[in-house]
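Below is one structure, written out as structure tokens; comments come after it.
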Amino acid sequence: MSRILFTLSPITGHVRPALPLVRRLVDDGHDVVVYTGSKFRDAVVAAGAKAAPMVVGRDLDDAEIDAWSLAHGAPAPGVKRLQWDVLHHFVGTVPGFLTDLDALVEDERPDVVVLDNGFVAGGIVARRHGIPSVLISVTPLPISSKDTAPFGLGLQPPRTGMQALRYAVLGWFTQKVLFREAQRAARQVVLDAGLPVPDGFFMDWIHSLTTRVLHPSVPSFEYPRSDLPENVELVGPLLPAGIDLFVPPAWWGDVLAARAAGTPVVLVTQGTIATDPERLLWPAIEALAGEDVLVVATTATAEPQDVLPEQPPANLRAARFVPFDRLLPLVDVMVTNGGFGGVQQALAAGVPLVIAGRSEDKAEVGARVVWSGAGVALPTDRLTDVTTSAAVRAGVREVLGQPSYGGVARMLAEEYARYDGVTRTVEVIEELVAAAATSPAEQEHAEAA
């Protein structure tokens, strides 16, 4: 069989969606090598793949990104921090990763490279070595389009010509002013790699560098575009069902009892990067303490006793992690800071959403939730991204009180169920392997036939 090289950003939300795909490829007889952070080594090995370490590339635990950034001179939250993050985490890491990947390609001789859309080095190394590549999105589709606002602002598609003109001006400002330094740095990275510099905005280059772009979503949750590149395909979500060992927490029976009694179950999840509990976890627990609901909180990067109140509300149950494929079928609404993967899992389970987050790609996720009608997005502080207990309470009451949100979420779940993202992605990878193995003469004969 073939050898597949995965190159993944060392971030939980970038690695976990790839693990079901890794396991399927291994089960189908392919040799799979995964280059990512050491934090994920055990998960990669458990999926049956070979873990390739980051040696020269920056091996940074995603839970420590904010602390690392502050220690290395990052400014306070705001526009300058956004510019700093893009320059230092998105562009500045590429040369180190490329050093590792060049050696890895030489040793492993992969037939296909698979990368996430935050890992530019994967696309560059594939193009440099003439290897077909597959990009898997781990965010809402970020490709620039005349039919959308600039990515990251959380603005829905234009409804009028004047709004479209405003978005075009914002796009010009974003590319030519806001990220001018990052554009120059990205251009130099590509030149140093020995490749021609692509046209347009550097954030779009990764999609043009790769052979196929597979977006794990469905049409009803993605903005329509008249200028979508031909190499882009919506394949449905890559759901991590079955990749985690499930040991029911001691309070699991309370969830089953609440469900049976008709008491709403509200899941509150903080995410894996924006982990400060002050942003969402604490306001949500306070907001829902007096409500007739059962609250299940997942704390992700810390043990519950280390971040929750000393005297937790009687309706709160908490764990560091519970597999969402087990929990979401029992949930009535999910309160989240808007991580793309978690939102996809919720909608695939028919669960409506309350979104409270604007950092990273979360403003775009929240905008799509509102646009689709599957939930509400809450205001957060422009600098700290903190929401309020009053906002969470109002949002949960709105979603639970208006049947339309649940109805849309269930309709989206039916649409999601018509897709099999893992199977389709494997098909695309195997198609590229077969095409690469076919001689030019055989290709010409097949095309003529």
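Some points to look at:
- Kirkwood Rh in Å, taken over all unlike Cα pairs in the chain: 22.8 Å
- Taking amide H atoms as placed 1.01 Å from N in the peptide plane, the amide H of VAL335 lies under 5 Å from those of LEU267, VAL268, THR269, VAL354, each 5 or more residues away in sequence or on another chain.
- For segment 154-234, trypsin sites (Lys or Arg not before Pro) meeting the loop criterion (DSSP other than H, G, I, E, B) and having at most 13 other Cβ atoms within 10 Å: ARG159.
- Our note on the geometry: Cα centres of segment 120-172 and segment 6-46, 25 Å apart.
- Note on segment 266-368: Rg/Rh from C-alpha atoms, Kirkwood Rh, equals 0.93.
- Cβ charges +1 (Lys, Arg) and -1 (Asp, Glu), total dipole of segment 274-315, debye: 100 debye
- Length-normalised contact order for segment 1-156 - Cα pairs under 8 Å, 6+ apart - percent: 24 percent
- Which of GLY373, VAL433, VAL422, positive extreme of dipole for segment 339-449 (C-beta unit charges): GLY373
- Cα-based convex hull, segment 83-126, per residue volume (Å³, whole number): 55 Å³
- Ranked by the mean number of other Cβ atoms within 10 Å of their residues, highest first, the peptides 61-71, 408-418, 198-208 come out as 198-208, 408-418, 61-71.
- Unit Cα scatterers, Debye sum, segment 12-51: log10 I(q)/I(0) for q = 0.19, 0.24 Å⁻¹: -0.44, -0.70
- P(r) of segment 207-289 over all Cα-Cα pairs, binned every 5 Å from zero, in whole percent: 3, 9, 11, 13, 14, 16, 13, 9, 7, 5, 0
- Segment 183-333 - convex hull of alpha carbons, volume per residue in Å³: 192 Å³
- Theoretical ellipticity at 222 nm over the chain - DSSP helices of four or more residues, -39500 (n - 2.57) apiece, nearest 500: -12500 deg cm²/dmol
- Accessible surface comparison of HIS215, HIS88, probe 1.4 Å, protein chains only, largest first: the order is HIS88, HIS215.
- Amide H contacts under 5 Å for PHE6: VAL33, VAL34, TYR35, VAL114, restricted to partners 5 or more places along the chain or on a different chain, H placed in the peptide plane at 1.01 Å from N.
- Reachable lysines, given that their alpha-carbon falls under 28 Å from the alpha-carbon of LYS362 and they are not under 8 places away in the same chain: LYS39, LYS80, LYS146, LYS176
- For segment 1-102, trypsin sites (Lys or Arg not before Pro) are listed when DSSP marks them as loop and at most 13 other Cβ atoms sit within 10 Å of their Cβ; the list is empty.
- Neighbour cut-off at most 13 other Cβ (10 Å), DSSP loop, GluC sites (Glu not before Pro), segment 297-403: GLU310
- From largest to smallest, the equivalent ellipsoid semi-axes obtained for segment 28-146 from the alpha-carbon gyration tensor read 27, 18, 14 Å.
- Magnitude of the charge dipole, segment 348-425, Cβ model with Lys/Arg +1 and Asp/Glu -1, debye to 20: 160 debye
- A cut-off of 5 Å between modelled amide H atoms, ignoring neighbours fewer than 5 places along the same chain, links GLY375 with LEU353.
- Pair-distance profile P(r), taking every C-alpha pair of segment 328-449, with 5 angstrom steps and integer %: 2, 11, 17, 17, 13, 8, 6, 6, 6, 6, 4, 3, 1, 0
- Sorted into 10 angstrom bins from 0, the C-alpha pair distances of segment 175-237 split as 19, 41, 30, 11, 0 percent.
- The three principal axes of the Cα atoms in segment 153-198 give end-to-end lengths of 43, 17, 16 Å, sorted in falling order.
- Charged-residue dipole, Cβ positions (Lys, Arg, Asp, Glu), the chain about Cα centre, Debye nearest 20: 1040 debye
- Contour minus Cα-Cα distance for THR388 and GLU310 (0.36 nm per residue): 26.1 nm
The values are calculated or read from the model by the stated rules, or taken from the named source; none is laboratory data. Everything numeric here is computed off the predicted structure, so don't read it as measured data. Reconstructed Cβ throughout: ideal geometry from the backbone, glycine too, with neighbour counts over all protein chains shown. Remember, those area values only see protein heavy atoms, side chains included, never the ligands or the DNA or RNA. Shrake-Rupley method; radii C 1.70, N 1.55, O 1.52, S 1.80 Å.
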